[in-house]
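The values are calculated or read from the model by the stated rules, or taken from the named source; none is laboratory data. Because the structure is predicted, anything quoted here is derived from the model rather than measured. Cβ placement follows ideal geometry from the backbone for every residue including glycine, while neighbour counts extend to all protein chains displayed. With ligands, DNA and RNA removed, areas are computed over all heavy atoms of the protein, side chains included. Shrake-Rupley method; radii C 1.70, N 1.55, O 1.52, S 1.80 Å.
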Amino acid sequence: MITDTIKKFVSRLFSPAARGPQRIARDKHGIDRRNVSRHAIKVCEVLRQHGYQAYIVGGAVRDLIVGLEPKDFDVATNATPEQIRPLFRRARIIGRRFQLVHVVFGQEIIETSTFRAPASQDQETDEHGRILRDNVFGSQEQDAARRDFTMNALYYDPHNEEVIDYHQGVHDLKKRQVRMIGDPATRYREDPVRMLRAVRFAAKLNGTIDPATRQPIETMASLIENVPASRLFDEMLKLLTCGHAMDCLRQLRADGLHHGLLPLLDVVLEQPGGERFVELALERTDSRVRAGKSISPSFLFAALLWQQVESRWKQLREQGEHNIPALVQAADSVLDEQTEKLAIQRRFSSDMREIWFMQPRFERRMGKTIYRMIEQPRFRAACDFLQLRAAAGEFDSVLAQWWMDLANGNDATRADMIDELARLPRDPAESSGPRKRRRRPRRPAAQRDQA
């Protein structure tokens, strides 16, 4: 026991943080100030002018060092939220568990937080050790110690263009290694989402997770179930849109982390063609992310859950349920199961339903029906989804391309395509079903008596 205490003391004594931070010059870290958000620089300058410390911190610094384009920029300072807010024309304090300030510049929001102290016994936690409130302020060194991974504990000073590194984060970045600050098991209990973040960062950087950081994940995976569903959804969305989504999902399965995110994922990937469909969806998403194009969360989740919806749709039809009501029931049952764990926002689930419900309508091309289809808000997304189904061998590729050409055409092109279709012989597969007998109008009673 005494030996373990001595080892811990010596380890802390000779840790990088104990020796003080590294101050890394521009020619060593490689960050070009021109790639840094001018609004983030502005926030740092204003805080400095009022006597506070201020640095760009976290993911933006990490991405700039490895040559990626940051999605957003955060600032860390020794000013409290109440001191930050009056310094900017458009700023608001947000958060309860983790209070910070959003400084708004048009479409860009610079998230500005106060240096935090590491977790202590006085902080409010749940029965599993997850921190419920984290508003104990501290020094920059303490703030670095309470961040999750070494690569996220980097502070960039836009004034002198130095990177301040307390935990050899730049060294780990060069090795493409994700390493936890502090005891991994303790840090995972404080915030189980860190397990998902470790997987995401390793995939994003095409790197590895440090063995000591990875070791507790499999045994602690069940803690994910204690995370609020809304926060899980946000983290899952980040994971699926990091540009390496399929690698992330495979790693989640390997570490047993997928149960709290997509409970049906194993079932989906075990179905014939299921993995191929998911791979196609995520490959296309990854390529759009890497090209800097926008993506639709609705489309992404619709693709991930489609195999399960289609399987249940088929079962219900085999049981005698009509086509469209069967699809509605299948979609509702799958979404109900997902929302128990993953809080898919209502606006996304509504769009997902529209994409799914339009799929049977692509099988029949009737003039008036086509025009009604074009007017639907999710028509283009549904066409893209149809292309995915065709690539997976679920739908006729020629017919899918006709619909895509229609979606890409202008009004004149669309009219010509529909007119040309009307002149073609009717395809029995596209008929609208058995023709209804036309009822004769009832004659007045007087005429019936005369007959």
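Scanning segment 87-101 for residues being crowded, with 17+ Cβ neighbours inside 10 Å and more than 14 Å from Leu47 (Cα to Cα) gives a total of 2. Inside segment 208-242, can you point out the residues that are small (Gly, Ala, Ser) and either closer than 14 Å to Asp255 by Cα or modelled with pLDDT of 90 or more (or both)? Of everything in segment 208-242, those that are small (Gly, Ala, Ser) and either closer than 14 Å to Asp255 by Cα or modelled with pLDDT of 90 or more (or both) turn out to be Ala212, Ala221, Ser222. If we scan segment 162-185, do we find a residue that is among the hydroxyl-bearing types (Ser, Thr, Tyr) and modelled with pLDDT of 95 or more? There is at least one residue in segment 162-185 that is among the hydroxyl-bearing types (Ser, Thr, Tyr) and modelled with pLDDT of 95 or more. Only one entry in Arg23, Arg19, Arg12 is modelled with pLDDT under 60, open to solvent by 80 Å² or more (accessible area, probe 1.4 Å), over 29 Å from the mean Cα position of the chain (by Cα) and under 17 Å from His167 (Cβ atoms), namely Arg12.
Looking only at residues of segment 345-383 that are closer than 19 Å to Ala303 by Cβ and either touching a strand residue (DSSP E or B) at 6+ places or on another chain (Cβ under 8 Å) or not in a helix (DSSP H, G or I) (or both), we find that the one that is modelled with the highest pLDDT is Gln359.
Conditions tested, residue by residue: (1) surrounded by fewer than 16 Cβ atoms within 10 Å (Cβ to Cβ); (2) in a helix (DSSP H, G or I); (3) not polar (S, T, N, Q).
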| site | (1), (2), (3) |
| --- | --- |
| Ala203 | no, yes, yes |
| Asn206 | yes, no, no |
| Glu225 | yes, yes, yes |
| Ser230 | yes, yes, no |
| Phe233 | no, yes, yes |
| Leu237 | no, yes, yes |
| Gly243 | no, no, yes |
| Leu249 | no, yes, yes |
| Leu252 | no, yes, yes |
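The residues of segment 274-293 that are open to solvent by 70 Å² or more (accessible area, probe 1.4 Å) and either at pLDDT 90 or above or closer than 14 Å to Phe385 by Cα (or both), listed by number, are Glu283, Arg284.
So that you can scan it fast, the table gives a plain yes or no per residue for (1) under 22 Å from Phe201 (Cα atoms); (2) out of contact with any Asp or Glu (no Cβ under 8 Å at 6 or more places or on another chain); (3) of a type outside the set (S, T, N, Q):
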{"position": "Lys42", "(1), (2), (3)": "no, yes, yes"}
{"position": "Gln53", "(1), (2), (3)": "no, yes, no"}
{"position": "Glu69", "(1), (2), (3)": "yes, no, yes"}
{"position": "Ala79", "(1), (2), (3)": "no, yes, yes"}
{"position": "Gln83", "(1), (2), (3)": "no, yes, no"}
{"position": "Pro86", "(1), (2), (3)": "no, yes, yes"}
{"position": "Arg89", "(1), (2), (3)": "no, yes, yes"}
{"position": "Gln99", "(1), (2), (3)": "no, yes, no"}
{"position": "Phe105", "(1), (2), (3)": "no, yes, yes"}
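Within segment 33-86, the set of residues being touching a Cys at 6+ places or on another chain (Cβ under 7 Å) and surrounded by fewer than 16 Cβ atoms within 10 Å (Cβ to Cβ) is empty. Pull out all pairs, ordered by first then second residue, where Cβ-Cβ is under 7 Å, the residues are six or more apart or on different chains, the first lies in segment 308-327 and is touching a residue at least 40 places away in the same chain (Cβ under 8 Å), and the second is open to solvent by less than 60 Å² (accessible area, probe 1.4 Å) and outside any helix (DSSP H, G or I). Going by the 7 Å Cβ cut-off, the qualifying pairs are Gln308/Leu264; Ser311/Gln271. For segment 23-73, the helices (runs of 4 or more DSSP H) that sit wholly inside it and include 1 or more residues that are under 27 Å from Ile295 (Cα atoms) and among the charged types (D, E, K, R) are 38-49, 59-66.
Selection of segment 123-145 for residues being within 22 Å of Pro228 (Cα to Cα) and either modelled with pLDDT of 90 or more or among the acidic types (Asp, Glu) (or both) yields Glu124, Asp126, Glu127, Asp134.
For segment 184-201, residues that are open to solvent by less than 10 Å² (accessible area, probe 1.4 Å) and without any contact (Cβ under 8 Å) to a residue 40 or more places away in the chain total 1.
Flag: Phe299 matches the condition of being at pLDDT 90 or above and in a helix (DSSP H, G or I). So for segment 355-374 (the condition being within 25 Å of Gly243 (Cα to Cα) and not assigned by the TED database to the domain that holds Leu239), does at least one residue qualify? Yes, segment 355-374 contains at least one residue that is within 25 Å of Gly243 (Cα to Cα) and not assigned by the TED database to the domain that holds Leu239. If you go through segment 373-414 and pick out every residue that is open to solvent by less than 30 Å² (accessible area, probe 1.4 Å) and free of Cβ contacts under 8 Å to residues at least 12 places away in the same chain, you end up with 2.
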